[in-house]
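Everything on this sheet refers to the single structure shown next.
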Amino acid sequence: MVSDNSCGDLLPACNGEGVTITFLEQVLDILLEYILKTFDRSTKVIDFHYPDELLEGFNWMLDEQPNTLEDLLVTCRTTLKYAVKTGHPRYFNQLSTGLDMVGLAADWLTSTANTNMFTYEIAPVFVLLEYITLKKMREMIGWPGGCGDGIFSPGGAISNMYALLIARYKLFPEVKEKGMAAIPKLIAFTSEHSHFSIKKAAAALGIGTDGVVLIKCDVRGKIIPADLERRILEAKQKGFVPFFVNATAGTTVYGAFDPLVAIADICNKYKVWMHVDAAWGGGLLMSRKHRWKLNGAERGNSVTWNPHKMMGVPLQCSALLVREEGLLQNCNQMNACYLFQPDKQYDLSYDTGDKALQCGRHVDIFKLWLMWRAKGTMGFEAQIDKCLDLSDYLYNKIRNREGFEMVLDGKPQHTNVCFWYLPHSIRHLPDNEERRSLLLKVAPQIKTRMMSFGTTMVSYQPQGDKVNFFRMVISNPAATQEDIDFLIEEIERLGQDL
């Protein structure tokens, strides 16, 4: 047990080796205990407390004087006690779930190395692994020989922003120096079911949210190509410049895959940049059974792909892949001579920092690369196919089950399964405004009870004219059919008296 030492006794303090090793071993014990609890189905997914309870129940204040190492260990235990176990087999709340042991080990290693991804000279192996992995990902998209470029970013929202940024630069390179005032009014197009990051990126880049046109979707959440073409022509008639179409491969709520081939034909016809937001669906490229859902992605100019979602890589791990080599560099480079000296002794193409928006960039690549080495492509394929099989299992269990009603007809496109639970009190009411107003409250009430008991977690939301429904997503390879059965029965238990 660490005594009353403070952090000042840890390395690099003189003779701090023993205290440091003891402290880190005890931290590791806390982490290992948490990992074992994460996979123990008898433990809670969450020990939920309201914000004021956590703020008042513990001392989180920052002090003038150093705390003891024992105090720090107590805080570490407390922090994990109230953390959500996102790797728990019954956590289905977000698109990013699971806890991969190899990915975790890789994260520990990169934190220990504590380096930056902007130059080869300070991150030689990591830079090379990023180069190799991005090339492999481009090959899997279908670009010949893995041609093109790419960058790992802090998340799918930033990857999508990169796509808008370079699409604008490709059409109007003068915007880099002169700004938006020097170019015509630009219009981007995306589906009404797409991720909010497209509008957020347009706001950040000065295009404006009014410069993003939302395209109608069919009943299953896919872009209607005819409406896309109509809106492009409408923008041109107004004197605006259509420059960017975002096609989604795996929407956040329905898991819909836009018709990429038809969209590519329209983009080619009107000379508009085609971006594929496959943050959620990109992992299906690893599966021979399911990759057809991304047919046409190879015709895109850029693709967002988040391995931290369907592939279970620890957060964060998001890639922006670009078909044209050199575009990222030309768009973003500032030639800072204190980092990117032109007379270094090695091939300067491996200094990747000048094509990134960031200066400091976290090492995200090692988690993905080490997991890929551990599993092989076939291992990822099996993991992904299992998750999609589980979504089919859930769909088949509830589609004709009393008290459940599907939001969409037909099998799920991805692992998203959207459904309502109907308590006995409203089960036989006619479909009218009164029934919808009652149904609106059901999912939030069940979710509140779910978090209070801590047994499982699943998300809910409205969509258009559809009131709150459960959106089940499966990306955790630890989940089993028994966990799906538990979720169904738990929803019934928690909602039976509503």
(message) Could you tell me how far the Cα centroid of the stretch 440-463 sits from the Cα centroid of the stretch 10-76, in Å?
(response) 29 Å
(request) Normalising by the residue count of the chain, find the relative contact order in percent from Cα pairs under 8 Å and 6+ residues apart. (result) 19 percent
(message) Tell me whether the stretch 1-102 comes out rounded, prolate or oblate; compute the Cα gyration tensor, take square roots of the eigenvalues as a ≥ b ≥ c, and use a/c under 1.5 as the rounded threshold.
(response) oblate
(message) Which residues among the stretch 477-498 fall inside the zone where the amide N is under 16 Å from a point 7 Å beyond the Cα of residue 438, along Cα→Cβ?
(response) 495-498
(request) Pull up the cross-link candidates among the aspartates and glutamates for residue 199, meaning alpha carbon to alpha carbon under 17 Å and not fewer than 8 places away within one chain. (result) 210, 277
(request) Please give every one of the lysines within straight-line cross-link reach of residue 222, meaning a C-alpha to C-alpha distance under 18 Å, and leave out same-chain neighbours fewer than 8 residues apart. (result) 293, 411, 466
(message) Give me the percent relative contact order of the stretch 376-465, please, defined on Cα pairs under 8 angstrom at least 6 residues apart.
(response) 18 percent
(request) Would you mind ranking 46, 21 by Cβ crowding within 10 Å, fewest neighbours first? (result) 21, 46
(request) Of the listed values (i) 1.13; (ii) 1.05; (iii) 0.99, grab the one calculated as Rg/Rh (Cα atoms, Kirkwood Rh) from the structure here. (result) (iii)
(message) Rounded, prolate or oblate, given the Cα gyration tensor of the stretch 128-276, with a/c below 1.5 counting as rounded?
(response) oblate
(request) Go through 330-341, 474-485 and give me the packing order, highest mean Cβ count within 10 Å leading. (result) 474-485, 330-341
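Compute the length gained on full extension between residue 181 and residue 295: take 0.36 nm times their separation in residues and subtract their Cα-Cα distance, giving the result in nm to one decimal. Don't skip to the end; give the middle numbers.
Numbers: separation 114, 0.36 × 114 = 41.04 nm, distance 3.78 nm.
Contour length minus Cα-Cα distance gives 37.3 nm.
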(message) Going by amide H atoms built from the backbone, whose H comes under 5 Å of the H on residue 247, apart from near neighbours?
(response) 275, 276, 277
(message) Show me, for the stretch 284-292, the HN-Hα J-couplings you get by feeding each phi into the Karplus relation (A = 6.51, B = -1.76, C = 1.60, θ = phi - 60°), rounded to Hz, glycine and proline as x.
(response) 5, 4, 7, 10, 5, 6, 10, 5, 4
(request) Please identify every one of the chymotrypsin sites (Phe, Trp or Tyr not before Pro) in the stretch 31-101 that sits in a loop by DSSP and has no more than 16 other beta carbons within 10 Å of its own beta carbon. (result) 39, 58, 60, 82
(message) Under a crude label model (7 Å from the Cα following the beta-carbon direction), how far is residue 125 from residue 337 in nanometres?
(response) 3.5 nm
(message) From the helices alone, meaning DSSP H stretches of at least four residues, give me the mean residue ellipticity at 222 nm for the chain, per-run term -39500 (n - 2.57), in deg cm²/dmol to the nearest 500.
(response) -12500 deg cm²/dmol
(message) Under the rule of at least 5 residues apart or a separate chain, name every residue whose amide H is placed under 5 Å from the amide H of residue 215.
(response) 190, 191, 192
(request) Could you pull out every whole DSSP H run in the chain that spans at least 27 Å of Cα extent along its own axis and averages -0.5 or higher on the Kyte-Doolittle scale? (result) 17-38, 365-398
(request) For residue 135, list the lysines whose Cα falls under 18 Å from its own Cα; do not include residues on the same chain fewer than 8 positions away. (result) 355, 367
(message) If you filter the stretch 233-286 for chymotrypsin sites (Phe, Trp or Tyr not before Pro), then keep DSSP loop positions with at most 16 other Cβ within 10 Å, what is left?
(response) 240
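Values in this text are rule-based calculations from the coordinates and carry no lab data. All values reported here derive from a predicted model rather than from experimental measurement. Glycine also receives a Cβ, built like all others from the backbone with ideal geometry; neighbour counts cover every protein chain displayed.
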